[in-house]
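Report on the structure given below.
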Amino acid sequence: MSGGRSSPAVRNANSLAWLVVVVAGAVVLLIVWGLELSGRLDAGQAVLDGARPAFTEERVAGDRPAITMIGNVSDMLDPIVDAEGGAAGEVGSLVDLVAGATGLPAADVLAALEANFPHTYHLLLTLPLEDVSAEVPGLLTFVADNSELADADAVLAAIAATTPQIAQAVTNLLPVTANWRDVEGTEGVTRFDGVTTVDSVPELRDLFESDVVTAVENVAPDFRDLDEPWPEVGFISTILTVIGIVVVVFGLLMLAVTRTDAYSRGVHTLGWSVVIVVGALVSIGVLAVGLFPRLDGGQQVIDDLRPAFVEERVAGMEAGVAIVSNIGDMADPIADAQGGAAAEVGALVELVAGATGLTPDEVVAALAANFPHTLNLLLALPLDAVSAEIPGLLTFVADNSALADGDAVLAAIAENTPRLAQAITNLIVVTDGFRAVPGTEDLTGFDGTPVRSVPEVVDYFADEVVPAVRAVTDDYRTLDTTAPPVDVFPPLLLLVGILVIIYGGAMVTLARVSAPSPAPGRELAAA
């Protein structure tokens, strides 16, 4: 090199060196565009935005007791909803057990139950609940045939207008008993193991309780880490795109300068120093924003939630919350006095009496003769009255038998009539916690409304959690099904940053041979 000008070979070497920088910037852009990073991370941000309300610490903590109470409701109803449940077939055995323990004849046991524990007595005679559902159409037709009401639909409309809580319980009882063992919409649904089929309400409960909520609990910390406020996941691709474009533009600029006399040793050193800074920014940025733990955790979230986003399971969850909504709407009016159905029984009898011209006593007699399960259910209400009677019933049997106490009586019932025992023990839990589910003190809906009662829990899952899953399903699949895994990007970008630093540093050290010194005349002029 002489006179401040570089030789063609050196100039070509400098141009080639800056061409490598242009290529490096292009590689960054290819990572963003070729691997669809922008679309994937945008989809990931949409998943974070849509699912964020469900993953707050308070809601994740509240999901477990909430779904456990739904499980109690399921365990209470499963034995009594139909003949397959088994509780109805155990009623005679229960009477025989009490008769054997107390020495009373079976008829006296029934009389004692009716006299002292009437709600329990009538509930036992109600079983199974599917028999109530079977009687309802005939009851509506009976009233229509013996009144001026046009048909069964008109009778039901009159009941809904006069006794809306009873109407709500009855209309929701029908789909509950019809779908309990084979819920519509669960075709092809399996547990997360991919093998265990999900058809019935108890199986749906297991899907939610053991699989879905457990998966949410497991990934919640990683989800919240990924959802850190800055930078947003969707913004990462924009940052990388800007860096790539800047590197390409700067590299092209310096490449052009190498073809002119303006490319001096100082320009060379400054240019490559900028490259080192850019590499350092990329490397430090990857580490500073926690891209490694965030995207590692993000991949864990993707992996662990993958079974929940299989289309059949999403559809199954939607079908599940639909039937659970029926269950909640059925139970709400009859669980306790606050539900209101018990207080409407008299009004219902008066309505039927007025429509048919029968006296109230004649209406009750007609119900007893033709629709006994329905009448007994009405007389059993509210269900918390049954729960209130249970301790006294157990004590009564203990006091009149060789069994030590109420616990011993319950143990004997569990051994001899396990399905009835399951229904009874869960009924107590359900009615005790129906209006304030234990453990949900901090649980709120997505708008901050408290979620405490069983109906509120049902609505929370049916109207907010599962719809949120459905809303982000497409974005989740975009994030999950495009290669490579998202946890590949942090090491890949860190490697690019480090290579840029090394390359830039090497070019700086080669400044003596890669770029010309100022010409002697220019040095004197500068002096």
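The values are calculated or read from the model by the stated rules, or taken from the named source; none is laboratory data. What you are looking at is a predicted structure, and each value in this text was computed from that prediction instead of being measured. When we count neighbours, we look across all protein chains shown, and the Cβ atoms used for this are built from the backbone with ideal geometry, even at glycine.
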Can you work out which of the residues in segment 5-24 that are small (Gly, Ala, Ser) and surrounded by fewer than 16 Cβ atoms within 10 Å (Cβ to Cβ) is modelled with the lowest pLDDT?
-> Ser7
Search segment 399-413 for residues that are closer than 11 Å to Val98 by Cα and at pLDDT 95 or above and pair each with any residue that is of a type in the set (Val, Ile, Thr) and surrounded by fewer than 14 Cβ atoms within 10 Å (Cβ to Cβ) when their beta-carbon atoms are under 9 Å apart and the residues are at least 6 apart or on different chains.
-> Val409/Thr395
Output the qualifying pairs, or none if there are none: Cβ atoms under 9 angstrom, residues six or more apart or on different chains, first residue in segment 462-479 and among the aliphatic types (A, V, I, L, M), second residue outside any helix (DSSP H, G or I) and surrounded by fewer than 18 Cβ atoms within 10 Å (Cβ to Cβ).
-> Val465/Phe446; Ala468/Phe446
Mind counting the residues in segment 385-407 that are part of a helix (DSSP H, G or I), small (Gly, Ala, Ser), over 36 Å from the mean Cα position of the chain (by Cα) and buried (at least 16 other Cβ atoms within 10 Å of the Cβ)?
-> 2
Checking Arg59 against (1) part of a helix (DSSP H, G or I); (2) out of contact with any strand residue (DSSP E or B) (no Cβ under 9 Å at 6 or more places or on another chain); (3) of a type outside the set (Asp, Glu), which test does it fail?
-> (2)
Is there any pair with a first residue in segment 417-444 that is free of Cβ contacts under 8 Å to residues at least 60 places away in the same chain and a second that is of a type in the set (Ser, Thr, Tyr) and surrounded by 19 or more Cβ atoms within 10 Å (Cβ to Cβ) whose Cβ atoms are under 8 Å apart and which are 6 or more apart or on different chains, and what are they?
-> Ile428/Ser387; Asp432/Ser387; Ala436/Ser453
So which residues in segment 429-448 are among the aliphatic types (A, V, I, L, M) and surrounded by 18 or more Cβ atoms within 10 Å (Cβ to Cβ), if there are any at all?
-> Val429, Val430, Val437, Leu443
(1) within 30 Å of Val500 (Cα to Cα); (2) loosely packed, with under 15 Cβ neighbours inside 10 Å all hold for Glu148 apart from (1)
Would you check if there is a residue in segment 160-175 being surrounded by fewer than 19 Cβ atoms within 10 Å (Cβ to Cβ), under 16 Å from Leu77 (Cα atoms) and either at pLDDT below 95 or of a type in the set (A, V, I, L, M) (or both)?
-> yes
In segment 12-55, what residues are without any contact (Cβ under 8 Å) to a residue 24 or more places away in the chain and closer than 22 Å to Val219 by Cα?
-> Asp49
Looking at Leu139, Leu124, which one is touching a Phe, Trp or Tyr at 6+ places or on another chain (Cβ under 8 Å) and not basic (Lys, Arg)?
-> Leu139
Looking at segment 98-107, is at least one residue in a helix (DSSP H, G or I) and under 13 Å from Leu124 (Cα atoms)?
-> no
Give Ala385, Ala380 a once-over and let me know the one that is under 21 Å from Asp82 (Cβ atoms) and either at pLDDT 95 or above or not basic (Lys, Arg) (or both).
-> Ala380
Please list, ordered by first then second residue, the pairs with beta carbon atoms under 6 Å, 6 or more apart or interchain, first in segment 158-185 and free of Cβ contacts under 8 Å to residues at least 24 places away in the same chain, second surrounded by fewer than 20 Cβ atoms within 10 Å (Cβ to Cβ).
-> Ala167/Ala160; Asp182/Asp199
Hits in segment 258-280 (condition: out of contact with any Gly (no Cβ under 8 Å at 6 or more places or on another chain) and over 19 Å from Ala26 (Cα atoms)) = Thr258, Arg259, Thr260, Ala262, Tyr263, Arg265, Gly266, Val267, His268, Thr269, Leu270
Count, please, the residues in segment 211-231 that happen to be of a type outside the set (Gly, Ala, Ser), closer than 21 Å to Gly290 by Cβ and buried (at least 16 other Cβ atoms within 10 Å of the Cβ).
-> 7
Looking across segment 441-473 at residues that are among the β-branched types (Val, Ile, Thr) and part of a helix (DSSP H, G or I), the single one that is nearest to Val324 (Cα to Cα) is Val458
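Residues Phe192, Phe208: which one is crowded, with 18+ Cβ neighbours inside 10 Å, modelled with pLDDT of 90 or more, in contact with a Pro (Cβ under 8 Å, 6 or more places away or on another chain) and not charged (D, E, K, R)?
Of the residues listed, the single one that is crowded, with 18+ Cβ neighbours inside 10 Å, modelled with pLDDT of 90 or more, in contact with a Pro (Cβ under 8 Å, 6 or more places away or on another chain) and not charged (D, E, K, R) is Phe192.
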Can you name the condition, by its number, that Val242 falls short on among (1) within 22 Å of Arg40 (Cβ to Cβ); (2) in contact with a Phe, Trp or Tyr (Cβ under 9 Å, 6 or more places away or on another chain); (3) without any contact (Cβ under 8 Å) to a residue 40 or more places away in the chain?
-> (2)
